[in-house]
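Heads up, the thing below is written out as structure tokens.
The values are calculated or read from the model by the stated rules, or taken from the named source; none is laboratory data. All values derive from a computational prediction rather than experimental measurement. Every residue, glycine among them, receives a Cβ derived from its backbone with ideal geometry; neighbour counts consider all protein chains shown.
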């Protein structure tokens, strides 16, 4: 009769940020946990709040992939419909809601590009009948370029001195503010800021060396 | 695709967008790119030219088409509304084939739990005066009423059919609750409680069975929010206290340990209360103290968490405290 139960709350709730140095375990943001709970419970107000917080981000990610405003908005709608319909797909213990939404937007946008690429390969007659707007879709090499950028940034972050790497990871990969980074690392806020500046300078040089500089 | 792709792209975009001098933008500029503010401004500052998102109204309309809203319910039924939402979310996420798996309840499958809740909601709705075709005698115990409905719906045991029946009973009960005073006393399955009490009991079992199905289908269901688990725990403690002097002790003979326990349920939705244990009902101040997480306590009450696995702090008369913990799972039914 008894099910084997492992209480979900507060057990192994931390996540580990990327990098090769010592792991930094961080609990999921309370706001993400609250939103997730309310979405699971069918609280439409939670969807409205999540939309207010992240719709611009999702649209921006989709636009960067698609290069088309209307398509980016369509993807945005799809993402939030999915959030509402299947909130269990998100697990706060595995990352921030922001990152998950951005990932969803990116995936859906890339899926759209791939569908469009397949459509372009149709016989000329069929393609001609449906080619309106196709010029706006990014070419596959743009997707490849983005993937290369991602790899180079990861490489650059991994090669930062540990104190700088952790600061960047906490800020960009876990979404902490400088004040929170300072608390997390037990350092003054000014030190957190200076580490971030130093890290970003190094990354800028790293990307420039790779031909991705400003 | 790795989970940090977006963050890496954002970081690259930020680095590439910043001036060439050593003076990177002030920290506030970076902070605005980061996600921590509860409400982000439209567009991403520092990354100009991005389009604004689509209007909220259209997105909400599309969302509602993909997942129906919970029927309007009175405030006292808030925990029930949330539990229904959780159950609906689980049914959306579950692979229908998994509903044929056995459940922790009797000989029922996970799919039978859907019908069980259908029967329970319809029974309460019928007691409240709502018309239903289902065979839900007001005095029938939970197992009997469920078996009657399982027999009655034997021809429609597909996941979609079960879910439709369940949702129909949600709407039926919601309509009935909108017409009733929360404090009115009604008898359901031989138990007299206020309408609000019965609704919280339905919420409790809905959450537990949502959890049963989620576990059986390898889905991870979060614990209920504080304003949902709190009323469930409150009901459980009051029912437990009401058992004192009326039933044999849970772990021993009727002459077993007796006394009042100061029970502290910790965590969001937690509470502190006094619960009498034993027969006859003992008067006087507490002789023992028990402190336990509110979710764990509710799982103990639902017979989903064995006492041996319970992380609990006990002080004072440990026999009386253990008696309370042994008695708690006796509240569980199908």
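(1) more than 8 Å from chain B (Cβ to nearest Cβ); (2) modelled with pLDDT of 90 or more: which one isn't true of residue A:89, the others all being true?
Tallying (1) more than 8 Å from chain B (Cβ to nearest Cβ); (2) modelled with pLDDT of 90 or more, residue A:89 fails exactly one: (1).
I'd like to check something: does region B:78-90 contain any residue that is part of a loop (DSSP other than H, G, I, E, B) and either within 12 Å of chain A (Cβ to nearest Cβ) or modelled with pLDDT of 95 or more (or both)?
Checking region B:78-90: not a single residue is part of a loop (DSSP other than H, G, I, E, B) and either within 12 Å of chain A (Cβ to nearest Cβ) or modelled with pLDDT of 95 or more (or both).
Among (1) more than 21 Å from the chain's Cα centre (by Cα); (2) within 14 Å of chain A (Cβ to nearest Cβ), which single condition is residue B:321 missing?
Of the numbered conditions (1) more than 21 Å from the chain's Cα centre (by Cα); (2) within 14 Å of chain A (Cβ to nearest Cβ), the odd one out for residue B:321 is (2).
Have a look at A:42, A:60, A:52 and point out the one that is assigned to a loop (DSSP other than H, G, I, E, B) and either over 28 Å from residue B:206 (Cα atoms) or modelled with pLDDT of 90 or more (or both).
Exactly one residue qualifies, and that residue is A:42.
How many residues, within region B:288-320, are touching a strand residue (DSSP E or B) at 6+ places or on another chain (Cβ under 6 Å) and within 23 Å of residue B:256 (Cβ to Cβ)?
13
The rows are residues; the columns are (1) within 9 Å of chain A (Cβ to nearest Cβ); (2) modelled with pLDDT of 95 or more.
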residue	(1), (2)
B:47	yes, no
B:54	yes, no
B:97	no, no
B:121	no, yes
B:127	no, yes
B:141	no, no
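Can you spot a residue in region B:241-256 that is in a helix (DSSP H, G or I) and surrounded by fewer than 21 Cβ atoms within 10 Å (Cβ to Cβ)?
Within region B:241-256, one or more residues are in a helix (DSSP H, G or I) and surrounded by fewer than 21 Cβ atoms within 10 Å (Cβ to Cβ).
Looking for something closer than 19 Å to residue B:92 by Cβ and surrounded by fewer than 20 Cβ atoms within 10 Å (Cβ to Cβ) - is there at least one such residue anywhere in region B:179-186?
no
Touching a helix residue (DSSP H, G or I) at 6+ places or on another chain (Cβ under 9 Å) and in contact (Cβ under 8 Å) with a residue 12 or more places away in the chain: which single residue out of B:328, B:313, B:321 fits that description?
After applying the criteria, what remains is B:328.
Does residue B:170 fit the bill of being in contact (Cβ under 8 Å) with a residue 12 or more places away in the chain, surrounded by 23 or more Cβ atoms within 10 Å (Cβ to Cβ) and within 14 Å of chain A (Cβ to nearest Cβ)?
yes
Which condition number in (1) under 21 Å from the mean Cα position of the chain (by Cα); (2) crowded, with 18+ Cβ neighbours inside 10 Å is the one that residue B:59 fails?
Single failed check for residue B:59: (1).
Let's see how each residue does on (1) more than 23 Å from residue B:185 (Cα to Cα); (2) free of Cβ contacts under 8 Å to residues at least 24 places away in the same chain; (3) part of a loop (DSSP other than H, G, I, E, B):
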{"residue": "B:120", "(1), (2), (3)": "no, no, no"}
{"residue": "B:125", "(1), (2), (3)": "no, no, no"}
{"residue": "B:129", "(1), (2), (3)": "no, no, yes"}
{"residue": "B:139", "(1), (2), (3)": "no, no, yes"}
{"residue": "B:143", "(1), (2), (3)": "no, no, no"}
{"residue": "B:147", "(1), (2), (3)": "yes, yes, no"}
{"residue": "B:150", "(1), (2), (3)": "yes, no, no"}
{"residue": "B:157", "(1), (2), (3)": "yes, no, yes"}
{"residue": "B:161", "(1), (2), (3)": "yes, yes, no"}
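Could you tell me whether any residue of region B:101-113 is over 22 Å from residue B:217 (Cα atoms) and within 14 Å of chain A (Cβ to nearest Cβ)?
Within region B:101-113, not a single residue is over 22 Å from residue B:217 (Cα atoms) and within 14 Å of chain A (Cβ to nearest Cβ).
Just one of B:35, B:41 is at pLDDT below 95, exposed (fewer than 14 other Cβ atoms within 10 Å of the Cβ) and within 10 Å of another protein chain (Cβ to nearest Cβ); which is it?
Sole residue among the options that is at pLDDT below 95, exposed (fewer than 14 other Cβ atoms within 10 Å of the Cβ) and within 10 Å of another protein chain (Cβ to nearest Cβ): B:41.
Among the residues in region A:66-77, are any out of contact with any helix residue (DSSP H, G or I) (no Cβ under 7 Å at 6 or more places or on another chain), more than 7 Å from every other protein chain (Cβ to nearest Cβ) and within 20 Å of residue B:219 (Cβ to Cβ)?
no
Return the total of residues in region B:100-121 being in contact with a helix residue (DSSP H, G or I) (Cβ under 8 Å, 6 or more places away or on another chain) and over 26 Å from residue B:225 (Cβ atoms).
Number satisfying all stated conditions: 10.
Could you tell me whether residue B:302 is within 25 Å of residue B:333 (Cβ to Cβ), touching a residue at least 60 places away in the same chain (Cβ under 8 Å), surrounded by 15 or more Cβ atoms within 10 Å (Cβ to Cβ) and away from chain A (no Cβ under 11 Å)?
no
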